[in-house]
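Structure first, then comments.
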Amino acid sequence: MTVSLCIHGHFYQPPREDPWLGRILIEASAAPMRHWNERILRESYAPLAWARRLDGEGKLVDILNAYEWISFNAGPTLLQWMRRAAPEVVSRMREGDTHSKIRWGYGNAMAQIYHHIIMPLATARDRELEARWAIDDFRFHFGRDPEGMWLSECAVDTPSLESLAAHGIRFVILAPRQAKAVIMSGRTIPVHEGSLNIGEPYSLSLPSGASMTVIFYHGGLSQGIAFERLLHNGESFWNRIVGEAGALASSTGGGPLLTLATDGETYGHHFTFGEMALAYVLAQGYSKRDNIRLTNPAAYIAAHPPVHEVILHEPSSWSCVHGIERWRSNCGCSDGGHGGWNQQWRGPLRAALDLMRAAVDAHFALAGKECFSDAEAALAAYGEVLADPAKSEDFAAAWFTGSTDDHDRAWRLLSMQEQSLAAFASCAWFFDDIARIEPENAMTFALRAMELLRSSGGPDLTLPVMKELEKAVSNQPESGNGAAVFEREVLPRQDDAATLCLLAYLLLDSEGGLPAPGDSAVYLWPGVSVELFPEVMEHDSHSHGSAVIRANHERMGVNHIWRMTLPGKVAFPGIPLISLADAEMFVRRRGADEETEVRRKVRDFARPLRDWLLSQVLRNRERVRRPEMQAVAAHVLSLTDTWIESQHNVPVPEYWLGFMPYLPVEAMCSEAVTDKQRVQLKALCDLHLPSRERALAASLIREHVLAEIDDDAGVGAAVQHSVQAGDDSSLALWVRRARSMMPDMDWWAVQNRVWERGLKRYPILAKELGFR
């Protein structure tokens, strides 16, 4: 008897973007990556797109796209970020869905509730928006309508399922303990997690007359993947699957479905190399070993329609044994990290956000009459713009009424509603204290929604919301209550014309892109753009002018007057770097906390931009004419025994940190650098190169090797000692040299490129990279 195996991955990260800039700022706890999205992308989402299989000797024998063989959902807000940060991974997801549809008739991808809110706690209108926007996002990314939708935390009740069914969603995946009873041959039979037959799909009748198909995952095996060590060994993982499949087949008969469901981050982020164990299991599945074959939910349901009905515990979820209390009360469910802590703060946090949401909805209903031909229909259709901003003009033409000012107000109203919903992402209540980044982010989105509420003619809710937050007492006495957290951590994040002009000026300056008087220049973030119109530009003294700021399609106003003082401090002769401590903005001063927050944001962006500037000096040194830049290039290229030995045991001056990441690249490519010098350079980097600069050095090495593989003359020409295209032995030599200096360097991207181009084309390089 053949058992069908479906492995589902839930890929989601909470919204982390700064609501004003639309960009994620640095999160120190995610080091060596800049923030957690970036780190989990590298540890899980990307490795699954190019998952490795090794032989018994540890040699690389296969690279497969796991998204082609697993069922998966990807959160819309995560996909938006990945589309900018890692479009190649999104492409692999889309390719996986396409190939699975060709193979099985149905694609692997499922939709997901847009902001990952707890649907049973949402209003009817919010349920509608979350489902509609999720479908719009899915259509944009996968080019088809979704058959299934992942419910946040599997939180379910009848109204939530009605919302999904109304939009054509046919199935959901739930935990087995959410089943209350099954109806077989007219008899209602109570069930529990241990007695429910999870090997078949069930239908659930809805009051509207619609129905929803429900698939239940295997609780014990899914738990073993997520929290035990099943991913430590691929063969052990497979044997466990075989055992559970056999037990399921013997107890149910027919050709049952074994469904596993975990967070996608389990593979690689929670368990290092977990994606390799998954790749091994998928290889066994697509070879139909042990009479087990791979499938996805939609394909299985099409071949095996439900014959029995199910009744659910309502409301219920997978991660709270008390139903959905984890997201509104002190039910006792938490991550268990601090015994003795309580979660009394959950209720007041939700009450504060509910207060904000009610005001936002009431204002939208009133103000929307003046801005839209049909405000509610426009809001429902706004998901198309969230998925694809290129549709903004057509959207405005279809729905907006009135003058240009009315159009600006309309965009603010729509953004207000989106930010309000973002505040309700489930993770704000999931953990054990209000003084964590997740509740702080929720309050930040709420702050942005309240700002848009006020700027579009609504009331100021700051004081009423803070009054509710005072009741949310932290378990940490030094953190106070929710109002203190809001005032200390959230309010300083807020940007206005002053801070945005300051950020744009400093970042344009660090990129060398400040305009001359009479010209203009734009600094663009995903969520806002600032166009500066200078009147006076004196780099060593005062600069001033005006600016136009646009946020999410709206024009925030013109002729914001800015004035800047930037003393010409230098960290290396002739190279001015941003002096954050002395930068001043004379538009509106709001206090030390806000100024500190602005400087933090500038630091988030200034370092990579400075590194970019220095890399241009090195890569374009033949065209550098400024004497000081030529002097810098000469210093960097002077890799002599004397210089390295003299620096070996002394702290590296700060200005050298900007250049050190580029030294290994030169040492890898240059025939003039000796092996001894490379060993000395390794010691220097080990002693003095911080983790972030070390990551940059590795990135630059990979970039140069990839450029040579691609035969990209524009990049390859930047290195004087470039190898000939297709010179396999020279490329392998580069890799050996780089490893001698940075033995812990990650060659993942280079392995992927060699695999895609063909191992036969690069036999020596492939062997150096660990292929069999």
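The values are calculated or read from the model by the stated rules, or taken from the named source; none is laboratory data. The structure presented is a predicted model; accordingly, all values stated were derived computationally and were not measured. Using ideal geometry, Cβ is built from the backbone for each residue, glycine included, and neighbour counts are taken over all protein chains shown. Keep in mind that these areas ignore ligands, DNA and RNA; they rest on the heavy atoms of the full protein, side chains included. Shrake-Rupley method; radii C 1.70, N 1.55, O 1.52, S 1.80 Å.
Within region 43-91, restricting attention to residues that are of a type outside the set (Lys, Arg), in a strand (DSSP E or B) and out of contact with any Lys or Arg (no Cβ under 8 Å at 6 or more places or on another chain), the residue that is modelled with the lowest pLDDT is Leu54. Just checking, does region 97-106 include any residue being crowded, with 24+ Cβ neighbours inside 10 Å, in contact with a Leu (Cβ under 7 Å, 6 or more places away or on another chain) and not basic (Lys, Arg)? No, the conditions are met nowhere in region 97-106.
Taking the criterion of being out of contact with any helix residue (DSSP H, G or I) (no Cβ under 8 Å at 6 or more places or on another chain), closer than 19 Å to Pro76 by Cα and open to solvent by less than 50 Å² (accessible area, probe 1.4 Å), the residues of region 22-58 that qualify are Gly22, His35. Identification of helices (runs of 4 or more DSSP H) wholly contained in region 219-337 with 1 or more residues that are open to solvent by 50 Å² or more (accessible area, probe 1.4 Å) and of a type in the set (S, T, N, Q) yields 219-227, 234-252.
Every residue, every condition in (1) assigned to a helix (DSSP H, G or I); (2) within 23 Å of Leu447 (Cα to Cα); (3) open to solvent by 10 Å² or more (accessible area, probe 1.4 Å); (4) among the hydroxyl-bearing types (Ser, Thr, Tyr), yes or no:
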residue: Gly339; (1), (2), (3), (4): no, no, yes, no
residue: Gly347; (1), (2), (3), (4): yes, yes, yes, no
residue: Arg350; (1), (2), (3), (4): yes, yes, yes, no
residue: Asp361; (1), (2), (3), (4): yes, yes, yes, no
residue: Leu366; (1), (2), (3), (4): yes, yes, yes, no
residue: Lys369; (1), (2), (3), (4): yes, no, yes, no
residue: Ala378; (1), (2), (3), (4): yes, no, no, no
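Residue-wise test of (1) small (Gly, Ala, Ser); (2) closer than 20 Å to His313 by Cβ.
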{"site": "Phe138", "(1), (2)": "no, no"}
{"site": "Arg144", "(1), (2)": "no, no"}
{"site": "Gly148", "(1), (2)": "yes, no"}
{"site": "Ser205", "(1), (2)": "yes, yes"}
{"site": "Val214", "(1), (2)": "no, yes"}
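Of the residues Asp394, Asp354, Asp335, Asp406, the single one that is closer than 30 Å to Gln178 by Cα and either of a type in the set (Phe, Trp, Tyr) or free of Cβ contacts under 8 Å to residues at least 40 places away in the same chain (or both) is Asp354.
Just to check your reading of the model, which residue among Ala504, Ala497 is touching a residue at least 12 places away in the same chain (Cβ under 8 Å), aliphatic (A, V, I, L, M) and open to solvent by less than 10 Å² (accessible area, probe 1.4 Å)?
Details: Ala497 fails: open to solvent by less than 10 Å² (accessible area, probe 1.4 Å).
Sole residue among the options that is touching a residue at least 12 places away in the same chain (Cβ under 8 Å), aliphatic (A, V, I, L, M) and open to solvent by less than 10 Å² (accessible area, probe 1.4 Å): Ala504.
For Ser455, the conditions (1) surrounded by fewer than 16 Cβ atoms within 10 Å (Cβ to Cβ); (2) of a type in the set (S, T, N, Q); (3) touching an Asp or Glu at 6+ places or on another chain (Cβ under 9 Å) all hold with the exception of (3). Annotation: Val705 fulfils all but one of (1) surrounded by fewer than 21 Cβ atoms within 10 Å (Cβ to Cβ); (2) at pLDDT 75 or above; the unmet one is (1). The set of residues in region 122-155 being over 19 Å from Lys391 (Cβ atoms), in a helix (DSSP H, G or I) and open to solvent by 30 Å² or more (accessible area, probe 1.4 Å) consists of Ala124, Arg125, Arg127, Glu128.
Close Cβ contacts (under 6 Å, 6 or more residues apart or on different chains) running from residues in region 744-759 that are of a type in the set (Gly, Ala, Ser) to residues that are assigned to a helix (DSSP H, G or I) comprise Ala749/Arg702. Residues in region 205-218 that are in contact (Cβ under 8 Å) with a residue 12 or more places away in the chain and more than 34 Å from the chain's Cα centre (by Cα) were compared, and the one that is surrounded by the fewest Cβ atoms within 10 Å (Cβ to Cβ) is Pro207.
Can we say Glu193 is of a type in the set (D, E, K, R), assigned to a helix (DSSP H, G or I) and touching a residue at least 12 places away in the same chain (Cβ under 8 Å)? Working first, answer last.
Numbers: of a type in the set (D, E, K, R): yes; assigned to a helix (DSSP H, G or I): no; touching a residue at least 12 places away in the same chain (Cβ under 8 Å): yes.
Here the answer is no, as Glu193 does not meet what is asked.
Checking each residue of region 304-318 against the condition of being touching a Leu at 6+ places or on another chain (Cβ under 6 Å), of a type outside the set (Asp, Glu) and in contact (Cβ under 8 Å) with a residue 24 or more places away in the chain gives at least one match.
State which residue is nearest to Gln494 (Cα to Cα) when the search covers only region 444-474 and only residues that are part of a helix (DSSP H, G or I) and of a type in the set (Asp, Glu).
Of region 444-474, the ones part of a helix (DSSP H, G or I) are 444-455, 462-469.
Retained after the next criterion (residues that are of a type in the set (Asp, Glu)): 451, 468.
Details: Glu451: 9, Glu468: 20 Å.
Per the criteria, the residue is Glu451.
In region 383-403, the qualifying residues are those that are of a type in the set (Phe, Trp, Tyr) and touching a Ser or Thr at 6+ places or on another chain (Cβ under 9 Å), and the one that is farthest from Ile113 (Cα to Cα) is Phe400.
If I ask for residues that are open to solvent by 20 Å² or more (accessible area, probe 1.4 Å) and among the hydroxyl-bearing types (Ser, Thr, Tyr), which ones from region 1-21 would you list? Matches in region 1-21: Thr2, Tyr12. Taking the criterion of being assigned to a loop (DSSP other than H, G, I, E, B), open to solvent by 70 Å² or more (accessible area, probe 1.4 Å) and closer than 25 Å to Thr674 by Cβ, the residues of region 741-772 that qualify are Pro743, Asp744. Return yes or no: is Pro439 more than 30 Å from Glu325 (Cβ to Cβ) and at pLDDT 95 or above? No; evaluated as a whole, the condition is false for this residue. Each residue in region 658-681 was checked for being open to solvent by 10 Å² or more (accessible area, probe 1.4 Å), assigned to a helix (DSSP H, G or I) and either modelled with pLDDT of 80 or more or under 17 Å from Leu731 (Cα atoms) (or both), and 2 pass. Residue count for region 357-390 satisfying the condition of being touching a residue at least 12 places away in the same chain (Cβ under 8 Å), small (Gly, Ala, Ser) and within 30 Å of Ala483 (Cβ to Cβ): 2.
Being within 24 Å of Ser203 (Cβ to Cβ), open to solvent by 40 Å² or more (accessible area, probe 1.4 Å), not in a helix (DSSP H, G or I) and not basic (Lys, Arg) is a condition met by at least one residue of region 156-178. Every residue in region 441-494 that is polar (S, T, N, Q) and either touching a strand residue (DSSP E or B) at 6+ places or on another chain (Cβ under 6 Å) or touching a residue at least 60 places away in the same chain (Cβ under 8 Å) (or both), please. Correct list: Asn441, Thr444, Ser456, Ser474, Asn475, Asn481, Gln494.
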